[in-house]
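Take a look at the structure set out below.
The values are calculated or read from the model by the stated rules, or taken from the named source; none is laboratory data. Please read all numbers here as calculations on a predicted model, not as lab measurements. Glycine gets a Cβ as well: all are built from the backbone with ideal geometry, and neighbour counts include every protein chain shown.
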Amino acid sequence: MVGARFRLQGHDPATGLDCVGVVWAAYAAAEVRLMRPDDYPLRGWGRGRVEMALVAAGFASVADARDGDVALIALPAGQFHLGLIGPVSLIHAHAGLRRVVETPWGDGLGSTERWRFWDGDRACHSRHAELVSASMT
């Protein structure tokens with residue numbers, strides 16, 4: 001997915017992705033289908049609404065760190081951003097660069113929470129490294 005073009009509400013690497021689309025496409029590549037929110041704005045959803053959409057899709061906030069976790073990043077002006085966390089990088093759709101990029105993971109990202117997909121019995125989804133690998137291609 002790295003290199004795919006940016007497209008607001010895009011969820012197909014062939015036609016373009018936004019930050020939600022990057023996460024959903026990575027899970028689809030790992031054969032996990034998630035419920036995707038519809039008609040979400042680039043800005044304007046509060047943290048509570050973003051978190052509710054993640055929970056509805058099967059994610060839970062976690063304190064420990066694993067490759068493949070989803071980053072929920074609070075940006076200035078009330079905007080939220082999603083990305084996939086790798087060993088030393090973040091894969092995300094960069095609206096300014098108009099494409100999906102891999103950038104260093106670390107300071108300067110704003111307030112960040114980790115989220116992880118959970119299956120029906122609340123066991124952690126086991127294919128996190130596979131998600132990162134799929135999103136880098």
### Output for the stretch 79-111, where each listed residue is assigned to a loop (DSSP other than H, G, I, E, B) and either out of contact with any strand residue (DSSP E or B) (no Cβ under 8 Å at 6 or more places or on another chain) or buried (at least 16 other Cβ atoms within 10 Å of the Cβ) (or both)
86, 87, 96, 105, 106, 107, 108, 109
#### Entry: Residue that is free of Cβ contacts under 8 Å to residues at least 40 places away in the same chain, aliphatic (A, V, I, L, M) and out of contact with any Pro (no Cβ under 6 Å at 6 or more places or on another chain), where the choices are 74, 53, 29, 60
74
### Message
Being more than 17 Å from residue 8 (Cα to Cα), of a type in the set (D, E, K, R) and either touching a Gly at 6+ places or on another chain (Cβ under 6 Å) or part of a loop (DSSP other than H, G, I, E, B) (or both) is the filter here; which residues of the stretch 25-78 pass it?
### Response
31, 33, 64, 66, 67, 69
### Query
Residues 7, 47, 66: which one is over 19 Å from residue 100 (Cα atoms), modelled with pLDDT of 85 or more and not hydrophobic (A, V, I, L, M, F, W, C)?
66
#### Entry: Members of the stretch 88-137 that are farther than 15 Å from residue 71 by Cβ and modelled with pLDDT of 85 or more
95, 96, 97, 98, 99
### Query
Could we say that residue 2 is assigned to a loop (DSSP other than H, G, I, E, B), at pLDDT below 90 and not aromatic (Phe, Trp, Tyr) here?
no
#### Entry: Residue check, residue 38 charged (D, E, K, R) and touching a residue at least 60 places away in the same chain (Cβ under 8 Å)
no
### Query
Quick one: in the stretch 38-59, which of the residues that are in contact with a helix residue (DSSP H, G or I) (Cβ under 9 Å, 6 or more places away or on another chain) and loosely packed, with under 13 Cβ neighbours inside 10 Å is nearest to residue 115 (Cα to Cα)?
46
